[in-house]
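Working notes for the structure below.
The values are calculated or read from the model by the stated rules, or taken from the named source; none is laboratory data. Predicted model, so just to flag it, every value in this text is computed and none were measured. Every residue, glycine as well, gets a Cβ built from its backbone with ideal geometry; the counts of neighbours run over all protein chains shown.
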Amino acid sequence: MCISCSVTDDDFRWLEQIDSPEAVAWIDARNAEALALLGGEPFEHRRTQIREILDDGRRIPYPAVRGAYLYDFWTDAEHPRGLWRRTTWESYRDAEPDWDVLIDLDALGAAEGENWVWGGVADLPPRFDRFLVKMSRGGSDAVVVREYDVEAREFVTGGYALPEAKSGVTWADSDSVFVMTDFGPGTTTTSGYARLVKLWRRGTDLSAAETVFEGVEEDVVVGVITDRMPGFERVFLYRWLDFIRRETWLRREDGALEMVPVPEDATWSTHGEWLVVQPRTEWLGHPAGSLLAIAFQSFMDGDLAFEVLFTPSPYSALQGWWWTRHHLILDVMTDVRNHLEVLTPGRTWHRAPLAAPETGVTTAIVDTNTDENDDYLVASTGYLRPATLRHGCIPEGGEEVLKTAPSFFDTDGMTVEQFFATSEDGTKVPYFVVGRIDGRPRPTLMTGYGGFRVSRLPDYDGVIGRTWLERGGVFVEASIRGGGEYGPAWHEAARRDGRPKAYEDFAAIAADLVERGITTRERLGAKGRSNGGLLMGVMLTRYPQLFGAIWAGVPLMDMQRYHRMLAGASWMGEYGDPDVPEDWAFLGAYSPYHHVRADAAYPPILITTSTRDDRVHPGHARKMAARLLAHGHDVTYYENREGGHAGAADHEQEAFVAALASEFLWRRLDT
């Protein structure tokens, strides 16, 4: 171990140079080794299978309702970079909707000599005739922005346009936009995001845009939220102090700013006359994770008489909420089983169920129309249940099935079971087991995340089903601390110096799987991405005796320098600051890169990343692989040249990486 080593002791710092000749040569050599090891007929067969699933035209096109149209971004074999398109409600109900293609990204990239990847749009209600389109080169977080006229089917000549940067842009009105971007030296935060909000008026140069708000360099990012409800239009300006805390100001019509006095760590939103707040810590006598409502203006005037809409329990938490025009839909989770409730404001808020909980099934709102009506789109899916998309309207009741996704694997004999493992401190940690459970140990693949209050919920994955479950494997989803499955306290327990609790939870589940006879240590594998990739690095270096193989995708690995690499500084609220000795004491205790030892017996590991990942620096993956190789360990490394933090820019690349991982894991666990 070398947790006391300084940053100057890093022999592989040269691999942080993204496109240096030395780094590129090292990547090429590792990629060639990976293909030589894992390539061949089985790999090609899996890659073909996965590509067929990803490109299948029967997938549900999940739309965003904007005015009279439903918008969708679609990729398939003929359009690997995708089509931005729209259709009407009437046509969408058909088995084969008549899609009006607005932008063909493959054709646009070919015409401009660019490898464009879709980044989304910012719409302009109520007419929705103009959009601000975001596109990136190779899938990075940095985007270019262009104004698009949907009626003319073209980008607006002389319209709003931003060069490549980590930008945010929001319509103020049809002739002005709020812009958050890199305006030059001193205008970005240490995390690489915008520090200034400017109001840019049509027909003027970006350099003439008026600064309306600014943060400080140590902030994560600044930005704008708009509430466009007719009669209650509001503009909020905010600065994220870290990944958890946010300060927000209401911008009055004369440009004056008035702070919104909600707790910095609370989650909140406005809708028409209402303000709803979910405190992260106890506030005004209300427990963390509750949901409170009050008239917004009354609150700004000093009223604190909130209506309580939800109170958590040790077993239940609020996952989120959505407004329709007149109603509020709550997503309530109890032991990782969710149900939806409808609340109607009034002198007292009326409550009614919208969806009942089911084991191993997630029901989630896809979209609502907050400006015009009380329609909603809701999808239900589970580990063994392909998604169903339904349309409903409150309060009429009843739901219309719009689309059903196809089955991609044979579920005969498969079950979904939920168990609870006991972690090191006695906490009961839930996990799902999916597959044919018949009393004999099978190749088993665990996954988890455990950070940033991200919940891991049941979902249908055709690739896992076809390449793992159908082959006789078992799949396990772990709901470890650091996530949001049980509300703010579940996240807080594994934040900063509590981070090891997430790792103890994952290790406890691994041991529980073996004790139950579901698998053996030799047949148990684990995978995780990003923060989940950090989880995998800790499993490798701290709990190697529990696993037969590990896959870490776009991972964090060097927790001493993570805050100095790309967007890493924005996560210090989650992990801690390595430059503070007290923080490095707990970060260094688990930083995977600093715990690689030559005399340890590690399971084989596959590490994958993307050269164009500008969120989690590929140097994490590169350096970890290099140090493992230098100490003689079994490590396979593959770096995709595109893809950003997603790791792949299109279905071809996604299928390639997934097939590589599938072969790696199956060969080592099917023993």
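I'd like to know if the range 566-585 contains one or more residues that are in a helix (DSSP H, G or I), among the aliphatic types (A, V, I, L, M) and free of Cβ contacts under 8 Å to residues at least 24 places away in the same chain.
Looking for residues that are in a helix (DSSP H, G or I), among the aliphatic types (A, V, I, L, M) and free of Cβ contacts under 8 Å to residues at least 24 places away in the same chain, one finds at least one in the range 566-585, hence yes.
Kindly indicate the residue of the range 1-26 that is surrounded by fewer than 14 Cβ atoms within 10 Å (Cβ to Cβ) and among the β-branched types (V, I, T) and also modelled with the highest pLDDT among those meeting that condition.
Checked the range 1-26; the qualifying residue modelled with the highest pLDDT is T8.
Looking at the range 171-183, I want the residues that are farther than 13 Å from L206 by Cβ and have a partner that is assigned to a strand (DSSP E or B) and among the aliphatic types (A, V, I, L, M) with Cβ atoms under 8 Å, at least 6 apart or on another chain. Which pairs are those?
W171/A122; W171/L132; W171/V177; A172/L199; A172/V235
Quick one: R251 ticks every box in (1) surrounded by fewer than 17 Cβ atoms within 10 Å (Cβ to Cβ); (2) of a type outside the set (V, I, T); (3) under 29 Å from E217 (Cβ atoms); (4) more than 27 Å from the chain's Cα centre (by Cα) bar one, so which box is it?
(1)
Any chance the range 570-590 includes a residue that's within 29 Å of S662 (Cα to Cα) and not hydroxyl-bearing (S, T, Y)?
Among the residues of the range 570-590, not one is within 29 Å of S662 (Cα to Cα) and not hydroxyl-bearing (S, T, Y), which makes the answer no.
Considering only the range 547-558, I want to know if a residue exists there that is within 19 Å of H594 (Cβ to Cβ) and more than 20 Å from the chain's Cα centre (by Cα).
yes
Would you point out which residue out of V429, V401 is hydrophobic (A, V, I, L, M, F, W, C), part of a strand (DSSP E or B) and touching a residue at least 40 places away in the same chain (Cβ under 8 Å)?
Working: V401 fails: touching a residue at least 40 places away in the same chain (Cβ under 8 Å).
On inspection, the qualifying residue turns out to be V429.
So which residues in the range 348-363 are of a type in the set (G, A, S) and either within 18 Å of H271 (Cβ to Cβ) or without any contact (Cβ under 8 Å) to a residue 60 or more places away in the chain (or both), if there are any at all? It would help to see each step written out before you state the result.
Of the range 348-363, the ones of a type in the set (G, A, S) are 352, 355-356, 360.
Correct list: A352, A355, A356.
Select from the range 444-471 the residues that are closer than 21 Å to L660 by Cα and either touching an Asp or Glu at 6+ places or on another chain (Cβ under 7 Å) or in a helix (DSSP H, G or I) (or both) and list them in ascending order.
T447, G462, V463, I464, G465, R466, T467, W468, L469, E470
Out of (1) in contact (Cβ under 8 Å) with a residue 40 or more places away in the chain; (2) closer than 30 Å to L196 by Cβ; (3) out of contact with any Pro (no Cβ under 6 Å at 6 or more places or on another chain), what's the single condition that is false for A293?
(2)
Out of the range 280-314, which residues are of a type in the set (D, E) and exposed (fewer than 14 other Cβ atoms within 10 Å of the Cβ)?
E282, D301, D303, listed by residue number.
Quick one: W84 ticks every box in (1) surrounded by 16 or more Cβ atoms within 10 Å (Cβ to Cβ); (2) in contact (Cβ under 8 Å) with a residue 60 or more places away in the chain except a single one, so which number is it?
Condition not satisfied by W84: (2).
So which residues in the range 341-366 are within 25 Å of L457 (Cα to Cα), surrounded by fewer than 20 Cβ atoms within 10 Å (Cβ to Cβ) and not β-branched (V, I, T)?
E341, R351, A352, P353, A356, P357, E358, A364, listed by residue number.
Could you check the range 101-128 and list, in sequence order, the residues that are of a type in the set (D, E) and surrounded by 15 or more Cβ atoms within 10 Å (Cβ to Cβ)?
Correct list: D104, D106, E114, D123.
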